[in-house]
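I have placed the structure first, in the form of structure tokens, so that the comments after it can refer back to it.
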Amino acid sequence: MSLNDSRFITDTGEAVKQCEVVTDPDTGFTVSGFLTERTILKITKLHSIYEMDLCDLIWLDEATLIEITRSCGNTLKVLLLDRCNVSDEVLKQIAFSAPHIRKLSISGCDRTSISGISVVLSVCTSLTNLNLAGNSNLLNYACKSDDDFLLDIYEKTVPSILRTDLPIHLTDRNQRDTFCSRKLFAELIEKLPGLTSLSLANIENVDDQLLSKFSSNMSLKVLDLSGTCIGDLGLSNILKLVPTLVNLSIAFCFNIESLEPLCTLLHLEHLRAIGLYKLESNEIIELISKIGHNLKSLDLSGCSNLSSACIRSISDRCFRLVSLNMTGCIHLESESFENMWMCSKLKTLCVNSCYQLDLEYIRRKLDQVEVVRIRSQSSGTIVSSGIVPNWKPLPLNQQLKSIATNAAKNGSSKKKKDTKK
């Protein structure tokens, strides 16, 4: 969320108060009410809403979402509906009420399908940021078409062995639907000239067959394919069409065995390749030699086959690197970090579960690194994020002072409880 964590931002950039201040008629006390359907509708009707965040408001039903969207009108440009009760009917209302919307996020909305998404992609041609992550029904049809009724007759009267030579749209319902929806989805995405960010993360039916349907160059800067079923073939096809890509996530895409397609991404700055356990060191070294000069963040956690040669390659090439995560890379050696100081902009290094490493040796070599390990509990003072700066514990006198302070706080809280009793 933006300004002051408000869920509603007007077209003038002002945050709208989310709760009403009301007076209890019985007691006369003035209290702030909770965010309700009535409050949201009142806000959307009284203000020209530019940005609206309704994420996780699962108590909003389909009819209310449609009414809210309709009341916003053409001024709505940013709409976040992650994990809400979004259906195809809601998507269609979004398309017709806010045709100039630029950012739409419906992550985790399983009730949506290609039937509703295709309407949005066809009407909202100004989209620049689209998040469809976790929508398992993305490429499914929600309702029957005319061909479905024809298929019912064929399936009941014609033996399956005789249906093998019929056209694809008359052979198998699932095969027909998947084929058509993939082709339709790819065509509609390619027709969005300003689309710069697309997330298809954690959608099982996003695979090589879908990516093979794309054929035109796109202006994408950010692409998230994490947790999908894509392999080397699909990755190679899609990356040829996005030469200006800056941010790529292929985390947990276990079918990927090679990073060779990434070597053409000369503008790539951020790469997440978490959990690709099939990758070998030579793949990373080759990639770093081609695009390492531009990388700012690199996450290779869980790539357990990588050796110290990868660290040396990163040290020699990645001079703009700010963040490096090598969690779980158990074959790394402490000495390989000797020249990491050459990455003068490096601020974060994470080596969780690399118990073979001499952490103190690495710390001495990397004085410029602000955070070099993330632990479940911090040493010295308590840090809410669990991040330990340089692994340096507090001096003994400060540790004793901290212990005494905590003991005093605990003592005072116990006394308060006793007095209450």
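Distance in nm between label sites at Glu333 and Phe96, each 7 Å beyond Cα in the beta-carbon direction?
Roughly 6.8 nm, to one decimal.
How long are the semi-axes of the ellipsoid equivalent to the stretch 179-234, from square roots of 5 times the Cα gyration tensor eigenvalues, in whole Å, largest first?
In descending order the semi-axes read 17, 14, 10 Å.
With +1 on the Cβ of every Lys and Arg and -1 on the Cβ of every Asp and Glu, and nothing else charged, how large is the dipole of the stretch 206-364 about its Cα centre, in debye rounded to the nearest 20?
In total the dipole reaches around 620 debye.
Is the stretch 37-125 best put as rounded, prolate or oblate by its Cα gyration tensor, with a ≥ b ≥ c the root eigenvalues, rounded for a/c under 1.5, and otherwise prolate when a/b is larger than b/c, oblate when not?
oblate
Please say if the stretch 197-297 is rounded, prolate or oblate, where rounded means a/c under 1.5 for a ≥ b ≥ c the square roots of the C-alpha gyration tensor eigenvalues, and otherwise the choice is prolate for a/b larger than b/c and oblate otherwise?
Oblate, since a/c reaches 1.5 and b/c is not below a/b.
So what does log10 I(q)/I(0) come out to for the stretch 80-132 at q = 0.20, 0.29 Å⁻¹, using the Debye formula with one equal point on every Cα and no solvent?
-0.58, -1.27
Past 22 Å, Cα to Cα, is the threshold; run Lys17/Lys221; Lys103/Lys213; Lys92/Lys240; Lys221/Lys278; Lys17/Lys42; Lys221/Lys347 against it and keep the listed order.
Pairs exceeding 22 Å: Lys17/Lys221; Lys103/Lys213; Lys92/Lys240; Lys221/Lys278; Lys221/Lys347.
Could you calculate the contour length gain from Ala63 to Glu187, that is, 0.36 nm times the residue separation minus the distance between their Cα atoms, to one decimal place in nm?
Residue separation times 0.36 nm, minus the Cα-Cα distance, leaves 41.6 nm.
Between Val322 and Glu37, 0.36 nm times their residue separation minus their Cα-Cα distance comes to what?
98.2 nm
Specify whether the C-alpha gyration tensor of the stretch 238-338 places it in the rounded, prolate or oblate class, a ≥ b ≥ c being the square roots of the eigenvalues: rounded for a/c under 1.5, otherwise prolate if a/b is larger than b/c and oblate if not.
The shape class here is oblate.
Could you state the number of Å between the C-alpha centres of the stretch 274-308 and the stretch 207-230?
21 Å
FYI, it's all coordinate maths here, none of it is from the lab. Please read these numbers as outputs of a predicted model, since none were measured by experiment. Note that we place each Cβ from the backbone using ideal geometry, even for glycine, and neighbour counts take in every protein chain shown.
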